[in-house]
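Participant: Before anything else, here's the structure in question.
The values are calculated or read from the model by the stated rules, or taken from the named source; none is laboratory data. What you see is a predicted model; the values in this text were computed from it and never measured. In this analysis, Cβ positions are derived from the backbone assuming ideal geometry, glycine residues included, and neighbour counts consider all displayed protein chains.
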Amino acid sequence: MEWKVPLFDLHFGAEEKRAVIEVLDSKWISSGSKTAEFERRFAALTGAQYAVAVSNGTAALHLAVLGLDIGPGDEVIVPSLTFAATVNSIYYAGARPVFADITSIEDLTISPQDVARKITDRTKAIMVMHYGGFACAMDEIMEIARQHNLSVIEDAAHAPGATFKGQHLGTIGDVGAFSFFSNKNITTAEGGMVVTNNKKIADQARLLRSHGMTVSSYDRAQGHANRYDIFQVGFNYRLDDIRAALGVVQLDRLGEDLRRRRSLAAIYHQILADLDGITIPFDDKIDISSNYILPVVLNNRCPFNRDEFRELLEAGYGIQTSIHYPAVHKFTPYRALAADLPVTEYVVEHEMTLPLYYSMTEEQVVYVCQAIKDIIAAASMKHTGTEGGALFELKHA
Ligand SMILES: Cc1ncc(COP(=O)(O)O)c(C=O)c1O
């Protein structure tokens, strides 16, 4: 389908092509000096002491969990309103995910009160997810962790460039994980990063990302060592230099990407703030967020259910939307786990993600907002019997 306003568009240019060709011409295309440069640059961006590049965000989460010695018998408290990979990473390590609810329909991040309620003597860590790049309540989370001697893992897949009280997300807890999947603020097609200030976690991540080998292929090719040992049974979670080269260029673009998204998000918030039927979460946080996505929640005064609303935007206006997320606790592998998550269950049925990306124009944002207003207005006119309010008479702007 030809969208009038797609959900997302890549922010790529000639520099990415050039960077990839340079790596191809160098003839070293797997993990090497570009990967190391990407790691240095990412550590500088976040202020983390260590950044370890890996093949994707899921691998970064898995290594974060393993770096904290989490395993069978342990519990990790995690939101259900997230991408399944957040929770899967706990499962990979043989530990048990324990779901906590989110705070409210204005703040879709994990609720510190519910986290505190879910702690048992088996709890080893809290895994938060900075939804959309909007910071979780990190003061409260860190205080709960301190009181109960728990580790904190931050799923910061959505959060490059996002902060909380001046500190980069992903660096507040013990370890953070980023994703560079194709729709993220920084993309390398597939890619991820572990960030931490803990040398042991960083060393372990470096070891495990490459089969537990003591020496990397790059070092061997450079003549630094001829022999290696396998210290631990690891994985192939390496990033390659082709992708790392994309990441370095994408880091250069991040500043303009964040500024653009913030100004577009501000227009959305301004127009939709007082619209009856729609709640626009995180209203006070757009200036410190990466604004990875623009979520809205259809509240009890909305005349349509979420799927009808999405259909009207799509068919009537050519606007692509999405959902973030289906509840993880409803997926087959997790259904048997206890989950009393009323706010999450409301949001998974009522959240709708609107288009937001660097090359989106102000006019497109206004068009999307106007479409939403028209749909709601037409329904209320129809409801009150006002002439001309028939929904299906709505035309493209
Ligand atoms: C919140 C969250 N966590 C983890 C991931 C996993 O990242 P990846 O797709 O790079 O494995 C994603 C990505 O899509 C995500 O959105």
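Participant: Test each condition in (1) out of contact with any Ser or Thr (no Cβ under 6 Å at 6 or more places or on another chain); (2) within 12 Å of the ligand (Cβ to nearest atom); (3) not acidic (Asp, Glu) for LEU61 and report the one that comes out false.
Facilitator: (1)
Participant: Please list, ordered by residue number, the strands (runs of 3 or more DSSP E) wholly in the stretch 96-167 having 2 or more residues that are touching a strand residue (DSSP E or B) at 6+ places or on another chain (Cβ under 9 Å) and either small (Gly, Ala, Ser) or within 20 Å of ILE293 (Cβ to Cβ) (or both). Steps first, answer last, please.
Facilitator: Numbers: elements: 96-100, 123-129, 151-155.
The qualifying strands (runs of 3 or more DSSP E) are 123-129, 151-155.
Participant: Separate question: From ILE201, ILE242, grab the single residue that is aliphatic (A, V, I, L, M), assigned by TED's automatic domain parsing to the domain that holds ASP107, under 23 Å from ALA64 (Cβ atoms) and out of contact with any His (no Cβ under 6 Å at 6 or more places or on another chain). Explain how you work it out, then say what you get.
Facilitator: Working: ILE242 fails: under 23 Å from ALA64 (Cβ atoms).
Every option except ILE201 fails the conditions.
Participant: If we keep just the residues of the stretch 168-178 that are crowded, with 23+ Cβ neighbours inside 10 Å and outside any loop (DSSP other than H, G, I, E, B), which is farthest from the ligand (Cβ to nearest atom)?
Facilitator: VAL175
Participant: Restricting to the stretch 68-87, and then to whatever is surrounded by fewer than 24 Cβ atoms within 10 Å (Cβ to Cβ) and in a helix (DSSP H, G or I), can you tell me which residue is farthest from the ligand (Cβ to nearest atom)?
Facilitator: Of everything passing the filter in the stretch 68-87, ALA84 is farthest from the ligand (Cβ to nearest atom).
Participant: Could you grab me the full set of residues in the stretch 187-207 that are among the aliphatic types (A, V, I, L, M) and touching a strand residue (DSSP E or B) at 6+ places or on another chain (Cβ under 8 Å)?
Facilitator: So the first thing to find is which residues in the stretch 187-207 are among the aliphatic types (A, V, I, L, M), and the list is 189, 193-195, 201-202, 205, 207.
Of everything in the stretch 187-207, those that are among the aliphatic types (A, V, I, L, M) and touching a strand residue (DSSP E or B) at 6+ places or on another chain (Cβ under 8 Å) turn out to be MET193, VAL194, VAL195, ILE201, ALA202, ALA205, LEU207.
Participant: Answer yes or no: is there a residue in the stretch 264-274 that is surrounded by 21 or more Cβ atoms within 10 Å (Cβ to Cβ), at pLDDT 95 or above and more than 30 Å from HIS168 (Cα to Cα).
Facilitator: The answer is no; no qualifying residue exists.
Participant: Under 9 Å by Cβ, and 6 or more places apart or on different chains, what pairs join a residue from the stretch 149-168 that is on the phi > 0 side of the Ramachandran plot with one that is part of a loop (DSSP other than H, G, I, E, B) and more than 10 Å from the ligand (Cβ to nearest atom)?
Facilitator: If the second residue must be part of a loop (DSSP other than H, G, I, E, B) and more than 10 Å from the ligand (Cβ to nearest atom), the pairs left are GLY161/LEU169; GLY161/ASN185; GLY161/ILE186; GLY161/SER289; GLY161/SER290; LYS165/ALA135; LYS165/ILE172.
Participant: I would also like to ask the following. Pairs, please: C-beta under 6 Å, at least 6 apart or cross-chain, first residue under 27 Å from MET381 (Cα atoms) and in the stretch 287-304, second of a type in the set (Ser, Thr, Tyr)?
Facilitator: Pairs that qualify, where the first residue is under 27 Å from MET381 (Cα atoms) and the partner is of a type in the set (Ser, Thr, Tyr), are PRO295/THR353; VAL297/THR279; ASN299/THR279.
Participant: Being under 20 Å from LEU258 (Cβ atoms) and either in a helix (DSSP H, G or I) or more than 25 Å from the chain's Cα centre (by Cα) (or both) narrows it down to one of LEU10, LEU45, so name that one.
Facilitator: On the way: LEU10 fails: either in a helix (DSSP H, G or I) or more than 25 Å from the chain's Cα centre (by Cα) (or both).
LEU45 is the lone residue from the list that is under 20 Å from LEU258 (Cβ atoms) and either in a helix (DSSP H, G or I) or more than 25 Å from the chain's Cα centre (by Cα) (or both).
Participant: Name, by its number, the condition in (1) under 30 Å from GLU349 (Cα atoms); (2) of a type outside the set (A, V, I, L, M, F, W, C); (3) away from the ligand (no atom under 14 Å from the Cβ); (4) touching a His at 6+ places or on another chain (Cβ under 7 Å) that does not hold for GLY47.
Facilitator: (1)
Participant: Does the stretch 179-191 hold any residues that are in contact with a helix residue (DSSP H, G or I) (Cβ under 6 Å, 6 or more places away or on another chain) and closer than 22 Å to SER80 by Cβ, and which are they?
Facilitator: Listed by number, the list holds a single entry, SER179.
Participant: Which of the numbered conditions does PHE181 fail, given that it passes all the others? Conditions: (1) closer than 16 Å to GLY57 by Cβ; (2) within 15 Å of the ligand (Cβ to nearest atom); (3) buried (at least 21 other Cβ atoms within 10 Å of the Cβ).
Facilitator: Every condition holds for PHE181 apart from (3).
Participant: May I pose another question? Going by the structure shown, is ASP139 surrounded by fewer than 19 Cβ atoms within 10 Å (Cβ to Cβ) and over 30 Å from ASP284 (Cβ atoms)? If you could, list the steps in order and put the result at the bottom.
Facilitator: On the way: surrounded by fewer than 19 Cβ atoms within 10 Å (Cβ to Cβ): yes; over 30 Å from ASP284 (Cβ atoms): no.
Taking the combined requirement at face value, the residue does not satisfy it.
Participant: Which residues, taken from the stretch 118-167, are more than 16 Å from the ligand (Cβ to nearest atom), touching a helix residue (DSSP H, G or I) at 6+ places or on another chain (Cβ under 6 Å) and farther than 27 Å from GLY71 by Cα?
Facilitator: Answer for the stretch 118-167, where residues must be more than 16 Å from the ligand (Cβ to nearest atom), touching a helix residue (DSSP H, G or I) at 6+ places or on another chain (Cβ under 6 Å) and farther than 27 Å from GLY71 by Cα: THR163, PHE164.
Participant: Would you mind stating whether PRO6 is touching a residue at least 40 places away in the same chain (Cβ under 8 Å) and within 16 Å of the ligand (Cβ to nearest atom)?
Facilitator: Working: touching a residue at least 40 places away in the same chain (Cβ under 8 Å): yes; within 16 Å of the ligand (Cβ to nearest atom): no.
So PRO6 fails the test.
Participant: If you go through the stretch 184-207, how many residues are within 16 Å of the ligand (Cβ to nearest atom), crowded, with 16+ Cβ neighbours inside 10 Å and of a type outside the set (D, E, K, R)?
Facilitator: Going through the stretch 184-207 one residue at a time, the tally reaches 10.
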